[in-house]
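Below is one structure, written out as structure tokens; the observations come after it.
The values are calculated or read from the model by the stated rules, or taken from the named source; none is laboratory data. As the structure is a computational prediction, the values presented were derived from the model and not from experiment. Here Cβ is always computed from backbone atoms with ideal geometry, including for glycine, and neighbour counts include all displayed protein chains.
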Amino acid sequence: MHPSDTIWRASAPGSLMLMGEHAVLHGKRALACAVNKRMRVTLTPRADDVLRIESELGEAAAERHAIEITPPFTFVWAALKDAAADLPGGCDIQIESDFSSTIGFGSSAAVTVAVLAALDAWRDMPLDRTYIHQRARQIIQSVQGCGSGADAAASVYGGIVEYCVDPFKLEPLHAIHPITVIYSGYKTPTPEVIKKVEEDKRARPFLFDGFYYEIGECVRQAVDAICRDEWAELGELFNRNQALMGAIGVSDETLEEIVLALREQPGILGAKISGSGLGDCVVGLGQAADWPLAYERIDCAMTESGVQLETD
């Protein structure tokens, strides 16, 4: 066991879905990016077998072999339970975040990735990004009952990531671009939105298959545009993908107001909702010089930095 005065620290960035929402759950490609708002985990080993979690959401504790996956730390408990049998003992886990969990920056994925990285470092395991993403995706799906793992991929690798579930593909594109992010002021939980869309798809399968095909085509063309450094073309694809998000029923009046206002701003090449929809954030490709509406502008940028480790 490591000395009790050894502290392990890991951090992972939040993320934004850029394109491919919902369709990614049906074998289509998606784009996600990491943002410079991070989730930080500090792990301090204990002399007993207790696991204790502390964050601005509160505190909780459990014996290492009697973990119950309960709110508000469902993803952290799930990560700890996944590793519990191999842990040297108990530990304190302190979580700090640059952003609120109510804003759609993939907080669940980011904290899961950061906790897994800290636990691996504690056990003298190398930082294996492929392995961390694989486990993070499994943990997120076990807790939520759904989820593609695209947000976790961005948290692990940083930058813009091309992602597909089946056939599996995870390709960092090694590119970033200025963005403008506006928060709508409300958020519908992702599982609820996915449930609604899946019910609509079952009622009109051929129509939704067509929508998902077009979303997949947007992503295919977007990857090509990014590789050619054609950001104006990517902005046009943002706009096209937004129309498809409206067609599947996840863009409401407020989100449309924000999208249209962003597109009118000089420096914005295109705009769309980010994430599952029915609330949350709108992302504009480019830097808006001004923001005339009352909706909150979130100060953030894409980052090439993925999951990171440090030790004391």
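Scanning the stretch 262-296 for residues that are assigned to a strand (DSSP E or B) and farther than 18 Å from SER107 by Cα turns up ILE268, LEU269, GLY270, ALA271, LYS272, GLY284, LEU285, GLY286, GLU296. Determine whether GLY249 is in a loop (DSSP other than H, G, I, E, B), surrounded by fewer than 19 Cβ atoms within 10 Å (Cβ to Cβ) and either in contact with an Asp or Glu (Cβ under 8 Å, 6 or more places away or on another chain) or in the same structural domain as GLY14 (by TED's automatic domain parsing) (or both). Judged against the criteria, GLY249 is a match. All of (1) out of contact with any strand residue (DSSP E or B) (no Cβ under 9 Å at 6 or more places or on another chain); (2) more than 24 Å from PHE99 (Cβ to Cβ); (3) not in a helix (DSSP H, G or I) hold for ALA225 with one exception: (3). Taking the conditions exactly as written (surrounded by 19 or more Cβ atoms within 10 Å (Cβ to Cβ) and farther than 30 Å from PRO266 by Cβ), does ALA154 satisfy them or not? No, not satisfied. Among what's in the stretch 136-172 and is within 11 Å of the chain's Cα centre (by Cα) and among the β-branched types (Val, Ile, Thr), pick the residue that is nearest to ALA23 (Cα to Cα). This residue is ILE140. ILE69 falls short on exactly one of the conditions (1) crowded, with 19+ Cβ neighbours inside 10 Å; (2) touching a helix residue (DSSP H, G or I) at 6+ places or on another chain (Cβ under 7 Å); (3) over 25 Å from ALA175 (Cβ atoms); (4) not charged (D, E, K, R), and that condition is (1).
Filter the stretch 84-109 down to the residues that are touching an Asp or Glu at 6+ places or on another chain (Cβ under 8 Å) and of a type in the set (A, V, I, L, M, F, W, C), then identify the one that is surrounded by the most Cβ atoms within 10 Å (Cβ to Cβ). The selected residue is ALA109.
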